[in-house]
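The values are calculated or read from the model by the stated rules, or taken from the named source; none is laboratory data. Note that the structure is predicted; figures quoted are calculated from it, not measured. With ideal geometry, Cβ positions are generated from the backbone for all residues, glycine too; neighbour counts draw on all protein chains shown. Side chains are part of the model used for accessible areas, which takes the heavy atoms of the whole protein and leaves out ligands, DNA and RNA. Shrake-Rupley method; radii C 1.70, N 1.55, O 1.52, S 1.80 Å.
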Amino acid sequence: MSAFDSLNPQAIGKHLWRLRLAAAQLPGLAEAVREDGGQLVALWGSDDRHLGAGYAVHVVFLAARGLVWVSAGLAAEAPAYPDLAAVFPQAGRMQRATWDLLGIRAEGAADGRKWLRHGAWPADAHPLRKDYAGEPVRETDAYPFVRVAGDGVHEIPVGPIHAGVIEPGHFRFSIIGERVLKLEERLGYTHKGIEKRFEGMDPDTGARLAGRVSGDSHVAYAWAYCMAVEAATGAQVPERALWLRALFLEIERVANHLGDLGYLGNDVALSFGLNQFWRLKEEWLRLSEALFGHRYLFDRVVPGGVAADLVGGSALAEYCLAVADEVRELKAVYDEHAGLQDRFANTGICAPELAARLGLTGLAGRASAQAWDARVQFPQFPYDGLEVNMATHRRGDVLARAEVRFAELFESLRLIAEIIAGMQEGALRADLPQVTAPCEGIGWVEGWRGEIVVAVRLGADGRLDRVHPHDPSWRNWPLLETSTLGNIVPDFPVINKSFNLSYSGQDL
Amino acid sequence: MAAHLILQKILKTGRVSEPAPAADPALRTRVQALQAEILRVFGQAVAVRHVDAGSCNGCELEIHALNAPQYNIEGLGVKFAASPRHVDVLLVTGPVSRNLETALKRTYEATPEPKWVVAMGDCGCTGGLFGASYAACGRVADVIPVDVEVPGCPPTPTALLQGILAAVSGGR
Ligand code: SF4
């Protein structure tokens, strides 16, 4: 008996379900999902007043049956729903963002501070409301950080502009000596109004924007978005296009893992690792450009199919073998290098129990025994025929996150060859059916960092009415805080890199 | 043991650095009033500070890629530095989110003269797909003075390197 059995959710795709209920039922449902070992993946809101309704809160749960998109209608005046962060702590920041953007309140939430709003709009304005036409203002209400007091405690504020080439965010360390007592993140700096920007766009332009929610996960976002649009419109995507999307997704995973493994070496002073892995990554990117016309495959996934074909697949498959050989050699160095092992092991630990409690996901989750990978448990075509091997670990430290990357890198290189072998000739793209009434769909793709979920509503005019792209970083950022506790400040860069979370993806 | 493996791999890999591209004068957006004196002081060395002003992180991927051994940028005298106080060039990405507008202006002010600003990517050049909105200012040039704009989404490492060289080399 699972949480959803008595509620009869509607099947809206393979492993994808939809359920509408009253907001008051949400906490009970969340408790039941939790008891079943499920997770809360995403939470957002929508302004549905132009559709003759009020507002709505949307929650996506991961359950034994797959992904369940739950929506609850809310009043047009003072919309509110019961807090879910008490059951699923990862909902906290999502609820705060939903308040900032839409003025929908999570009643009874312990943390009611703003999240994505800094100073660009006033506290009583909500830019994702359809009738928001506010000019930018500069408000300067301060952000109340949690203070840590005591003998010898002091604070190190870092950012938003960091010393390295990374995205902007603010980290506030409270430390004693070199040990971190508390780390508090303040994100939202790269908030650039993506969700509002989607509104009124045609579906093709929307795909380009979706791919730029977090550029390092371009393919995953573009695919999840297209999956949602195709589900909403009832489009039939040609099989070859789906094979190519899987190929692109694995190419993206390989590129990111190569880069991260190099930086992980660099962060513990093994610049040999940086140079070797980035040499491989650069060759990989050049190959992507030669084969598909873009180093990061931007805009190659489009609604209804793909915009690039594979010619000369056997050369790519052979190249994968050569890369795997090189990575094996480099892994031998990482395995043997005492200094690197010493810095990686027992650093930045996220224990499996805490990971489960707070919802750690994606590759970081798998390094802490959270054995979820949509390609394995809930595969879409063509993954349903590929038998992907999941990489997991129990240590939950930097070493485990590096090990999972190595394992997934080898697996992706293997999958690429399988995909090339499995592909049949065929069309690359189908037209989207004409839209005549508002319609909705959701997409779910296992990106290199974790699950990318995109929910889409098209209006009767066939243009985008509401799009919510959801990054796995929402769930993992809070665990970077806890994983840093008790470590020394100089280890923070390697801990941070081992998670490698997206700022842009959660700032939106 | 590890040292042995490292040396073996280094020998096997050989030298992968490639010759540098030429500076692209077409990227220049305003007349460079560079004095011979500055050029002399600069020589070939230039320090760059990257500022992410709200990018999608795609441009950052290419800045990282520029540090791959194939490009050998330190050999060319281009070095990324940690503080704006130590640099000649600010390399700015993104459609300048309003939440970073102040930080960008402060970074610009903290950079000593003479300084050059390179706006990177379609976002930095025009606001890109994100455009100007309640949350974004649009192009970098609307927020701080820009010397060189490098379009692309993201621009390739070669285009980026050409842009940086164009910024500091004046008519060279
Ligand atoms: S130019 Fe393209 S890659 Fe660069 S930040 Fe903008 S969207 Fe991302």
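Under the Karplus relation 6.51 cos²θ - 1.76 cosθ + 1.60, θ = phi - 60°, what is the ordered set of whole-Hz ³J(HN,Hα) values for the range A:491-505, x standing for Gly and Pro?
For the range A:491-505, the Karplus curve yields 8, 4, x, 6, 5, 4, 5, 5, 7, 6, 8, 8, 7, 4, x Hz.
How much length is gained if the chain between A:Ala64 and A:Ala427 is pulled fully straight, taking 0.36 nm per residue apart and subtracting their Cα-Cα distance, in nm to one decimal? Mind showing how you got there, number by number?
Working: separation 363, 0.36 × 363 = 130.68 nm, distance 3.43 nm.
Gain on stretching A:Ala64 to A:Ala427: 127.3 nm.
Is the range A:5-107 best put as rounded, prolate or oblate by its Cα gyration tensor, with a ≥ b ≥ c the root eigenvalues, rounded for a/c under 1.5, and otherwise prolate when a/b is larger than b/c, oblate when not?
Values: a/c = 1.93, a/b = 1.34, b/c = 1.44.
Since a/c reaches 1.5 but b/c is at least a/b, the shape of the range A:5-107 is classed as oblate.
Check A:Leu74: other-chain or 5+ apart residues with amide H under 5 Å from its amide H, H built from backbone geometry?
Answer set, sorted by chain and number: A:Gly54, A:Tyr55, A:Ala56, A:Val57.
Show me A:337-347, A:38-48 ranked by packing, highest mean number of other Cβ atoms within 10 Å first. Intermediate values should be presented prior to the final figure.
Values: A:337-347: 17.1, A:38-48: 24.5.
Descending mean neighbour count gives A:38-48, A:337-347.
As an exercise, find the ratio Rg/Rh for the range B:91-146 from alpha-carbon atoms, using the Kirkwood inverse-distance average for Rh. Numbers along the way, then the final one.
Details: Rg = 10.6 Å, Rh = 11.0 Å.
Here Rg/Rh amounts to 0.97.
I'd like to compare A:453-462, A:395-404, A:218-227: which one has the highest average count of other Cβ atoms within 10 Å, and what's the full order after that? Please report the intermediate quantities before stating the final value.
Values: A:453-462: 20.8, A:395-404: 24.3, A:218-227: 30.0.
Descending packing order for the listed peptides: A:218-227, A:395-404, A:453-462.
Which whole-Hz couplings ³J(HN,Hα) result when phi for each residue of the range A:409-415 is put into the Karplus expression 6.51 cos²θ - 1.76 cosθ + 1.60, θ = phi - 60°, listed in order with x for Gly and Pro?
5, 4, 5, 5, 4, 5, 5
Need one number: % antiparallel among DSSP beta bridges in the protein assembly as shown, to the nearest 5.
Working: 53 of 77 bridges.
If we restrict to bridges inside the protein assembly as shown, about 70 percent are antiparallel.
As a test of the formula, what do you get for the protein assembly as shown when each DSSP H run with n ≥ 4 contributes -39,500 (n - 2.57) and the sum is divided by the residue count, at 222 nm and rounded to the nearest 500 deg cm²/dmol?
Working: 23 runs with 262 residues, N = 680.
Roughly -12000 deg cm²/dmol at 222 nm, from the helical runs in the protein assembly as shown.
For the range A:436-508, report the convex hull volume of the alpha-carbon atoms normalised per residue, in Å³, without decimals.
Working: hull volume 6.0 nm³, N = 73.
Expressed per residue, the convex hull around the Cα atoms of the range A:436-508 is 82 Å³.
Label the range B:44-168 by shape, choosing from rounded, prolate and oblate, from the square roots a ≥ b ≥ c of the eigenvalues of the Cα gyration tensor; if a/c is under 1.5 it is rounded, and otherwise prolate applies when a/b is larger than b/c, oblate when it is not. Walk me through the numbers before you get to the answer.
Numbers: a/c = 1.96, a/b = 1.32, b/c = 1.49.
Oblate is the answer for the range B:44-168, as a/c is 1.5 or above yet b/c matches or exceeds a/b.
Listed highest first by mean packing, meaning other Cβ atoms within 10 Å per residue, what order do B:82-88, A:296-302 come in?
Working: B:82-88: 16.1, A:296-302: 23.6.
For the peptides B:82-88, A:296-302, the packing ranking is A:296-302, B:82-88.
Using only atoms on other chains, find how many Cβ atoms lie within 10 Å of each Cβ of peptide A:212-223 and report the average. Intermediate values should be presented prior to the final figure.
Values: counts 11, 2, 3, 11, 5, 3, 4, 0, 0, 1, 0, 0.
Whole-number average of other-chain Cβ neighbours for A:212-223 is 3.
Enter the accessible area per residue of the range B:44-168 (Å², integer; probe 1.4 Å; all protein chains in place).
Working: 3460 Å² over 125 residues.
Result: 28 Å² of accessible area for each residue.
Going by a ≥ b ≥ c, the root eigenvalues of the Cα gyration tensor, does the protein assembly as shown fall in the rounded group (a/c under 1.5), the prolate group (a/b larger than b/c) or the oblate group? Intermediate values should be presented prior to the final figure.
Numbers: a/c = 1.35, a/b = 1.23, b/c = 1.10.
Verdict is rounded for the protein assembly as shown.
Around A:Asp465, which amide H atoms from residues at least 5 apart in sequence, or from another chain, sit under 5 Å from its own amide H, with H modelled in the peptide plane?
A:Gly200, A:Arg457, A:Leu458, A:Gly459
Taking a probe of 1.4 Å and counting only protein heavy atoms, give the total accessible area buried between chains A and B in Å², rounded to the nearest 100.
Buried area (both sides, nearest 100 Å²): 4700 Å².
Determine ³J(HN,Hα), in whole Hz, for all residues of the range A:166-172 in sequence, where each value follows from phi through the Karplus function 6.51 cos²θ - 1.76 cosθ + 1.60 and θ = phi - 60°; x replaces Gly and Pro.
Rounded to whole hertz, the list is 9, 6, x, x, 10, 10, 10.
If amide H atoms are built 1.01 Å from N in the plane of the peptide, which residues on other chains or at least 5 residues away come under 5 Å of the amide H of B:Asn57?
A:Gly215
Shielding of A:110-121 by partners, i.e. mean partner chain Cβ atoms within 10 Å per residue? The partial results should precede the final answer.
Values: counts 0, 0, 0, 0, 0, 0, 2, 2, 6, 4, 9, 3.
Per residue, the average neighbour count from other chains is 2.
Using all alpha carbons of the range A:35-78, what is the percent of pairwise distances in each 10 Å bin, ordered from the shortest bin to the longest?
28, 40, 23, 9
Keeping every protein chain present and rolling a 1.4 Å probe, give me the accessible area per residue for chain A in Å².
Solvent-accessible surface per residue comes out at 33 Å².
Below 8 Å between Cα atoms, with a sequence gap of 6+, how large is the relative contact order for the range A:164-253 in percent?
Values: 62 pairs, mean separation 14.5, N = 90.
With pairs under 8 Å counted, the relative contact order is 16 percent.
Tell me the carbon and sulfur percent of the accessible area for the protein assembly as shown, rounded to whole percent, probe radius 1.4 Å. Write out the running numbers ahead of the final one.
Working: 12760 of 23870 Å².
Carbon with sulfur: 53 percent of the solvent-accessible area.
Based on the alpha carbon coordinates of the range A:144-237, what radius of gyration and maximum Cα-Cα distance (Dmax) apply, in Å?
20.1, 65
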